[in-house]
1. Considering only residues that are over 21 Å from the mean Cα position of the chain (by Cα) and not small (Gly, Ala, Ser), look in the stretch 154-198 and name the one that is modelled with the highest pLDDT.
2. Scan the stretch 112-137 for residues that are surrounded by fewer than 16 Cβ atoms within 10 Å (Cβ to Cβ) and small (Gly, Ala, Ser) and jot them down.
3. Of all residues in the stretch 49-61, which are modelled with pLDDT of 65 or more and not in a helix (DSSP H, G or I)?
4. Sort out for me the helices (runs of 4 or more DSSP H) sitting completely within the stretch 134-198 that have 1 or more residues that are under 11 Å from Glu113 (Cβ atoms) and of a type in the set (Phe, Trp, Tyr).
Amino acid sequence: MCAGRAKAPDIGSADAGSGPGAAKVVAPLAGAPAGEAAGPARGDSPGLPLARPPRRAGNDPLFWLAIAAGPAVWIALRASSGAGLMPTWPPAPWVASPWGFVLAMAVYPVLEEIVFRGGLQPWIAGKLARAPKPAIAANILTSIAFAAAHLYAHTPAWALATFFPSLVFGFFRDRHGGLPTPIALHVFYNAGYFSFAG
């Protein structure tokens, strides 16, 4: 070794040079792509726990509870209507026709979920991102809009009643991270709502 040749710093374990103003060389994280700065792993920031992964409907006890609640609600609606607590059935006269029943049971639930849970609810949640509990607020506001939209074909009392299942659909949209579960529940609820309860 020739005299006077400077020894290269040991990257990752030593300072580049010496003295109070010398810059410290930090080794890249092992396995990280070139040029990527070392830092905490994604989701490991203090105070920011990893989000719970979406649950599958078939393994979710709350989903089956929502399914079981359907017949109980249908019986209650039928009883309340017969007792005069709710307007006379049907809530919308057009469902009495076969085509109207098919629309109400299979077509409208899919379209409504795409519009309200697929479009409106996440849009509202994004606008309220800095507010406390944005997901809950978005679900409530979406359900208000959902009930109001039913005024075009329902009596006011029956339109107002759609607010509560809408909360259930919105809850499972957030819980399972998509539309399949709310669509399945919506179709199931409408099928009983317009057949058994009617």
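The values are calculated or read from the model by the stated rules, or taken from the named source; none is laboratory data. Not measured: the values here are computed from a predicted model. With ideal geometry, Cβ positions are generated from the backbone for all residues, glycine too; neighbour counts draw on all protein chains shown.
1. Across the stretch 154-198, the extreme among qualifying residues is Leu160.
2. Passing the criteria: Gly119, Gly126, Ala129, Ala131, Ala137.
3. Arg55, Arg56, Asp60
4. 134-149, 163-176
To keep it simple, each residue is scored yes or no on (1) within 23 Å of the chain's Cα centre (by Cα); (2) assigned to a helix (DSSP H, G or I); (3) of a type in the set (A, V, I, L, M); (4) modelled with pLDDT of 80 or more.
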| site | (1), (2), (3), (4) |
| --- | --- |
| Phe63 | yes, yes, no, yes |
| Ala68 | yes, yes, yes, yes |
| Trp74 | no, yes, no, yes |
| Leu77 | no, yes, yes, no |
| Pro90 | no, no, no, no |
| Val95 | no, yes, yes, no |
| Pro109 | yes, yes, no, yes |
